[in-house]
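Taking it in order: structure first as structure tokens, then the write-up.
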Amino acid sequence: MRHKMAIQLATLRESCKTNFPQVLETLGNMGWAGVQFAGYHGYDPKELAEVVRGTGMKVAGLHVSIPLLRDQMEQLIEDAAIFGTRDLICSNTPDDWKNADGFREMKRLLNEYAAYLKSRGLRLSYHNHAFEFETEVDGQSALRYLLDPVEDHALLAEIDVYWVKKGGYDPYPFIEPYAGRMPIIHLKDMTDDEEQTFAEIGMGQIDFVPILQWGEKHGIEWYVVEQDRCRRDPMESVQISYEQLLRLSKLV
């Protein structure tokens, strides 16, 4: 499973702004198999791709927004080719779409984009937060509605287990409907205190072993660690998460 372990670079966004190539080299030396991008912080994608290749890592997808998909689709397709990935992940929802009608329009658009990307050899997934559980669409949560696992639904899932937990659900049973429809999963832990904020993998209350076992049976290609905020130096948090995920992988 070590070859499937990646880090979402938003975890290290401040360091990336300062010296993106150095961050990538440090992560490669740490042992990560891949990185997932969420913007380039002014750097040339070709330069960053060259650094990634030099470290021996791969790119576990690009996080993008709906406006980027709408207005810069061909550029995103070119970027995916530059980085050698087939995955684009929608990770940003306009505030005025966070209602039933907005989610209906989002599902229509994302399926349209996903079908087009599929024709170009790429995949489109949706990355959740907790707000999708606050709106009901056609008798189910907005997230279930968006990711309805039926054959003619082109949009795939990139479930974030922390946000599922934050939304009041147990992540392990929640992911079960997405067997074969979730090439990438987001892993982050939750502190076991009143704040219930972000924690390094294995240092909080989420039980990752059944999630990893499920992933190995049902088509997970990348286990991507993300920590939105860190209580210590972010690179130290990334190191802890790497060591803990490696430990947990041996229990699978």
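The values are calculated or read from the model by the stated rules, or taken from the named source; none is laboratory data. Since this is a predicted model, take the numbers as computed values, not measurements. Note that we place each Cβ from the backbone using ideal geometry, even for glycine, and neighbour counts take in every protein chain shown. Just so you know, the surface numbers come from the protein's heavy atoms only, side chains and all, with ligands and any DNA or RNA stripped out. Shrake-Rupley method; radii C 1.70, N 1.55, O 1.52, S 1.80 Å.
Consider region 136-153 and keep the residues that are touching a residue at least 40 places away in the same chain (Cβ under 8 Å) and either touching a Cys at 6+ places or on another chain (Cβ under 9 Å) or part of a helix (DSSP H, G or I) (or both). The one that is surrounded by the fewest Cβ atoms within 10 Å (Cβ to Cβ) is Tyr145. The set of residues in region 154-177 that are open to solvent by less than 10 Å² (accessible area, probe 1.4 Å), within 16 Å of Ser141 (Cβ to Cβ) and in contact with a His (Cβ under 8 Å, 6 or more places away or on another chain) comprises Ile159, Asp160, Val161. Just checking, does region 101-119 include any residue being within 17 Å of Leu156 (Cα to Cα), of a type in the set (D, E, K, R) and in contact with a Pro (Cβ under 7 Å, 6 or more places away or on another chain)? Within region 101-119 (the criterion being within 17 Å of Leu156 (Cα to Cα), of a type in the set (D, E, K, R) and in contact with a Pro (Cβ under 7 Å, 6 or more places away or on another chain)), the answer is no, since none of the residues qualifies.
Taking first residues from region 230-244 that are farther than 12 Å from Leu12 by Cβ and partners that are open to solvent by 90 Å² or more (accessible area, probe 1.4 Å) and not in a helix (DSSP H, G or I), no Cβ contact under 6 Å between residues at least 6 apart in sequence or on separate chains turns up. Of the residues making up region 65-100, those that are touching an Asp or Glu at 6+ places or on another chain (Cβ under 9 Å), open to solvent by less than 20 Å² (accessible area, probe 1.4 Å) and either assigned to a helix (DSSP H, G or I) or at pLDDT below 95 (or both) are Ala80, Thr93.
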